[in-house]
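Inspection log for the structure reproduced underneath, given as structure tokens.
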């Protein structure tokens, strides 16, 4: 069922709806609209690259009623011009730009290493969606000059705190894990802490800024 031009709502099991939109910018607009005015019965919102999963309590609302509520919020969000996040706190991520792939990224982009760092720290980033591992946020806003492919030979272990690039995204690995992104540095910031509320530091929509922390261990 189509809520508005460029989006459609699909039934996903007995207690969820999947809203498909054109791109990540539309995902964020819809996600924020649903957060600002959460439809009755909605229990969880899970944004991804091109979709928003809307989980609901089937005892409180019906799929058709939820779809109508999503339609209304999507239409309102689509008609409004994007507004700046005046009240959002920017999360600063200090980075030691000593990653094992920094030279490779410089070669791929045709920039020197210092310019790679300058462009990476010069971006205004935003957490688009989370996935892959708890606390792993796909950050949008990467300078197009730094769009590089994933490695041909993924690593079996990427250390926690590694700052990485892949395609149109940049990210920080929240824990040791396999990975194929290009590693340009590392940070000591804690992205996932079960004792924190919420545990994820970079929830969808969070503005982020990378800061050059100089050489480090």
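The values are calculated or read from the model by the stated rules, or taken from the named source; none is laboratory data. Note that the structure is a prediction, hence the values are computed from the model and not measured. Because the Cβ atoms are built from the backbone with ideal geometry, glycine has one as well, and the counts that use them run over all protein chains shown.
Some observations on this one:
- Within the option set 163, 116, 211, 172, being at pLDDT 95 or above, touching a strand residue (DSSP E or B) at 6+ places or on another chain (Cβ under 8 Å) and over 18 Å from residue 91 (Cα atoms) holds for one residue only, 116.
- Some residue of region 57-74 being without any contact (Cβ under 8 Å) to a residue 60 or more places away in the chain, assigned by TED's automatic domain parsing to the domain that holds residue 196 and outside any strand (DSSP E or B): no
- Residue list for region 37-57, restricted to those being exposed (fewer than 14 other Cβ atoms within 10 Å of the Cβ) and out of contact with any helix residue (DSSP H, G or I) (no Cβ under 8 Å at 6 or more places or on another chain): 43, 44, 57
- Looking at region 111-176, the strands (runs of 3 or more DSSP E) lying wholly inside it that each contain 2 or more residues that are surrounded by fewer than 16 Cβ atoms within 10 Å (Cβ to Cβ) and assigned by TED's automatic domain parsing to the domain that holds residue 201 sit at 155-158.
- Counted residues, region 93-110 - those being more than 15 Å from residue 162 (Cα to Cα) and not in a loop (DSSP other than H, G, I, E, B): 6
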